[in-house]
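Below: one structure, written as C-alpha cells.
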Amino acid sequence: MPVTGHLAELRSRIIKSAVAVLAGVIVVVVVYDRVLSWLTAPYVALCRRSPAEYCGMSYDTIADDVNLFTLDPVEGLTTRLRVATYGGVVLALPILLWQLWRFIVPALHRRERGFAIGFVLATVILFVAGGLLAYSTLDRALEFLIGWSGEGVDQAFRVSAYVRLVTLMIVAFGVGFTVPVLLVFLQLVGILTPRTLVRGWRYAVVGTVFIAAAITPSGDPISLATLSVPMVALYFAAAGIGRLLVRRRDE
C-alpha cells in the first residue's frame, strides 16, 4: 500500500474511533447524575463510618450524603464535560483498541494476527479490573489524605478537584494493569524474550514501584501498594504467558 493509502486507512480508523468516543460522551452526559453519585460513593462511605465532624462541610448529616462545591460559574459545565470525555473513552475502549489493532495488523505475520481478539479482550478486562481496584480503595486513600489536613481544617471539596482525583486514579490503575498485555505482545514479535523478563525481575520490581508512584495521582502509600503489588504479579504472569505463546508459535 502506498503512503497515501496508509494515510487514508489511518483517517478512516480515526474517524470511526472519534464517532465511538462521541457516542460514549453523549451517553455519559445523559446519565451524569448517576455517574457523579457513583464517583462520590467511596467518600460517602468514609463519612458515614467517621465522626460527624470528620468530613466537615462536605457531609450533610440530614441527607446522609456529601456535598461538593463550585467556585466558578462554569466549573459545573467543565466538570460535566470532563467526566463525559473520560467516560466516553472508557465506553469506547473496545472499539478504539480494535481500530488500533486493525491498523497495525497488516505489518504482522498471519499467526500473530490470530491473537487480535485475545489482546483486545485482555486489555479491556485488565483495564476494567484496575479501575475497579482503584475505586475499591478510594475511601482509604481519601482517609489518608484527609488525615494529613490537620486538626481544625474543615473539608469542603471542589467538584472539579474531586472528580479529577477519582478519574485519574481509575485511569492510572487501568493503564497500569494493561502493561502486561504490551509485554506479551513484545514477546510475540521478538522484541523481548521470556528469559529476558525473568532475568530482569529485580529491575522490573523497582521500576514498577517507581512507575506506580509516578502515575498514582493521590500519592498515598495505600494506593501505591495496591497498584504496585498486582503490577508485579502481572509482570511474572506476562512472562509465563509469553513463554507459552512463543513456544506454541514456534511449534
Could you let me know the centre-to-centre spacing of region 155-220 and region 36-57, using Cα atoms, in angstrom? 28 Å
Give the Kirkwood hydrodynamic radius (Å, one decimal) of region 1-93, defined as one over the mean of 1/r across all pairs of different Cα atoms. 16.1 Å
Taking only Cα atoms, what is the 0 to 90° angle, nearest 10, from helix 179-188's long axis to the longest principal axis of the chain? 0 degrees
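Can you tally the net charge around Arg48? Count Lys and Arg as +1, Asp and Glu as -1, for every other residue whose Cβ sits under 13 Å from the Cβ of Arg48.
-4
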Rounded D (µm²/s) - the chain, Kirkwood Rh over Cα pairs, Stokes-Einstein at 10 °C, 1.306 mPa s: 77 µm²/s
By the scheme Lys and Arg +1, Asp and Glu -1, what is the net charge of all other residues having a beta-carbon under 13 Å from that of Phe69? -3
Using packing as a proxy for protection, rank 86-94, 140-148, 74-82 so that the peptide with the highest average count of other Cβ atoms within 10 Å comes first. 86-94, 140-148, 74-82
Relative contact order for the chain: what percent, with Cα pairs under 8 Å and sequence separation of 6 or more? 22 percent
Between Leu22 and Asp64, how high is the FRET efficiency from 1/(1 + (r/R0)^6) when r is the Cβ-Cβ distance and R₀ = 25 Å? Nearest 0.05. 0.10
Listed by chain and number, the residues whose amide H is under 5 Å from that of Asp65, excluding neighbours fewer than 5 places away on the same chain and using placed H, are Asp60
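FYI, it's all coordinate maths here, none of it is from the lab. Because the structure is a prediction, the values reported are computed rather than measured. For neighbour counting, all protein chains shown are included, and Cβ atoms are generated from backbone atoms with ideal geometry for every residue, glycine included.
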